[in-house]
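This report concerns only the one structure given below.
Only the coordinates and a few stated rules stand behind these numbers; no lab work does. In this text, all values refer to a predicted model and were calculated from it rather than measured experimentally. Neighbour counts run over all protein chains shown; Cβ positions are idealised from the backbone, glycine included.
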Amino acid sequence: MGYLFICIYIGIILIVVEICTALFVLTGLEKPIARFQVVSMLTSTGFTTGVSELIIAHPIRRRLGAFLILFGAFSLAVIISAISGILQKNFHITELGVTAGVLVLLLVILKLPYLDKKLSSILQEELEENYKPEDLPIKDVLLQNDDDYFAEIHVHEASDLVGQTLEETIKPEEDINILFIKRGDVAIRHDRQKEKIQAGDQLVLYGDKSLLKKKFESEIKEHEEKIEEHAEAKNK
């Protein structure tokens, strides 16, 4: 009976993982990333990746994360107690089975297409009503469509952009918005279109993904190569 108790409880943990994964997906996370982060929080392994910032920066995901951390700590205590209880022969299999059944039912309900769409809409409305744009990740504020893109273009010394202005580089009809130019610790916003670009500048842009990548292909490629060189030097 003790081993059965542990198996059922592990089943409950797996169901909770799937339920929370489904809820994270409803907030906009991709499923593989959502599941990995759920397991990370549940086990308190504390993976400090860039993806983790998507959890911390999002108010609804933070609530789910807090629940998972607490549930993970509680589950560890229950399993340890169950193992020690094997010697006592005192278990509540019926109650545990009912709990597992309820969670399975909840998971099935969450998978229903109609409810999936409804919950997604409710979560989105809550964000719009209760949270300001500055409280949300960039992805939730700016990246509304698949073609939307937020880019930080690093201007290298050999770039054709050096000495030019963004007014000369980006045509009015092109779907590219200039947010600001980052020069060291200074963010240039005023007359940013007329500011002459210098080597080392970072252009913070927002617009059409394919157009941005095509127009600044040289700068993006150069920056990626420098990152690779730095990584290789670090590994040696």
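Summary table below
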read-out: For the stretch 148-230: rounded, prolate or oblate by the Cα gyration tensor [a/c cutoff 1.5]; value: oblate
read-out: Cleavage-rule hits (GluC sites (Glu not before Pro)) in the stretch 159-219: DSSP loop, at most 10 neighbouring Cβ within 10 angstrom; value: 173
read-out: Cα shape, the stretch 190-233, gyration tensor, a/c 1.5 rule; value: oblate
read-out: Label-point separation, residue 94 to residue 167 (7 Å along Cα→Cβ), nm; value: 8.2 nm
read-out: Spin-label proximity, residue 117 to the stretch 12-26 - amide N less than 18 Å from point 7 Å beyond Cα toward beta carbon; value: 26
read-out: Amide H contacts under 5 Å for residue 180, placed H, 5+ residues apart; value: 204
